[in-house]
1. Order 242-251, 192-201 from most to least packed using the mean count of other Cβ atoms within 10 Å.
2. Using the alpha-carbon centroid of each, what span in Å lies between segment 160-200 and segment 38-89?
3. Which percent, nearest 5, of DSSP beta bridges in the chain are antiparallel?
4. Which loop-located trypsin sites (Lys or Arg not before Pro) does segment 106-145 contain, where loop means any DSSP state but H, G, I, E or B and the Cβ has at most 16 other Cβ atoms within 10 Å?
5. Quick one: which of 7-13, 165-171 comes out on top by average Cβ neighbours within 10 Å, and what's the full order, highest first?
6. Calculated FRET efficiency, Asp191 and Glu52, Cβ-Cβ r, R0 25 Å, to nearest 0.05?
7. In Å², and per residue, what accessible area does the chain have when probed at 1.4 Å with the other protein chains present?
8. So for each of 285-296, 36-47 I average, over its residues, the number of other beta carbons within 10 Å; can you give me the resulting order with the highest mean first?
Amino acid sequence: MSRWTEADIPDQTGRTVLVTGANSGLGLRTAQVLAARGAHVIMGCRSVQRGEQARQTVAGSAEVLELDLADLSSVRAAAEKVTEKVGQLDVLIKNAGIMAVPLGQTVDGFERQFGTNHLGHAALTWLLLPALRQRPGARVVTVASLAHQYGRIDFDDPNWERRSYSYRGSYGQSKLANILFARELDRRASDVTSIAAHPGVTVTELTNNMASEHKSLFLRIGGKISHLFSQSVEMGALPQLYAATSPDARGGQYYGPDSFNGYRGHPTVARMTAAARDDLAASRLWDLTIKMTGITPDLP
C-alpha cells in the first residue's frame, strides 16, 4: 500500500459504479478517475442541473441520477431507477454528506446530519443490495471522517429532540454511524464487501452549508494551517478510490491518509476509536436504522 496513487487503480472496464455527491469535490474527482479507467459512473446528485454541469468534466462514460439523501422517497426512486436501468452494480461509493449545519430536519423529519449522512445512505445501500449481489466481488464504500473520533450515538435521542443541539456533536454522531454501519454490513452481507474510508483534511464545498459561527472559525484557523495539514481533492479522494478498486482492500476495514495523524497523505489502514469498533453498538444502530427508515434489508 506504500504511496498508493491513482496510477495503481486497475482497469475498470465493464464495471458500473454509483457515486453519491458526485457533482463536486471528492465525489466528482472519484467519478472522473473511475470513468477515465473505463468504468461507467452513475453520478448521484441532489441537483440534476449541477450534476449535468459536472458530468461535462468527466472524460468517459457517465450519467446523472437525481438523488436527495434527505428525502427517503427520492432515495427509493433513485434505487428503483438504478435497478431497472442497469440491474447490476459493482460499487456503491457513499460520498455525499453535510457538515456542521444548523439544526434542521429532513423531509422525513430526521435531524439533518444524521438523516442525510447516515439514514439516507443506509436506505440506499439496502435498496441496492439486489443489484450489488448480481456482481461477484461487489463493494460498498462508506466515506466517514476523522470527526467520528468525537462522535457518540444517543440511541434514545438520535434526532436531538430532547437534548441541546450541537452541530459538532451531530456531525460526529453521523460519522461514527457511518463506520458502525459499514462494519455491520460487512459482517452480515457475505456476498458484498463493505469498507469505510476517510479523506483526512480536504477543504471542499462541504463547508458551504456550515453553521455561520463554525464556518468562520473553520476558515480562520484553516487559512493559517492549511498549508501544513490539508491536502488537495486529488489526494483526499485516494482512500475511497483505494477502498473501491484495490485488490488488497479488506472488508470491515477503514482506510485514510498515512501522515500527520491521518490529516493528509497516501492511503493506509486508519485508526478507529473504541466506539467505532463496538459490535453491540453497530447491531443496535442497524436495528434503529430499520425502525427509522421503515426499510428491512434482505439480510440476517
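1. Ranked from most to least packed, the peptides come out as 192-201, 242-251.
2. For segment 160-200 versus segment 38-89, the Cα centre distance is 22 Å.
3. Expressed as a percentage, antiparallel bridges in the chain total about 15.
4. Arg133
5. Highest-to-lowest ranking by the protection proxy: 165-171, 7-13.
6. In this case the efficiency is close to 0.15.
7. In whole numbers, the chain has 42 Å² accessible per residue.
8. 36-47, 285-296
The values are calculated or read from the model by the stated rules, or taken from the named source; none is laboratory data. These numbers were taken from a predicted model, which means no experiment stands behind them. Because the Cβ atoms are built from the backbone with ideal geometry, glycine has one as well, and the counts that use them run over all protein chains shown. Keep in mind that these areas ignore ligands, DNA and RNA; they rest on the heavy atoms of the full protein, side chains included. Shrake-Rupley method; radii C 1.70, N 1.55, O 1.52, S 1.80 Å.
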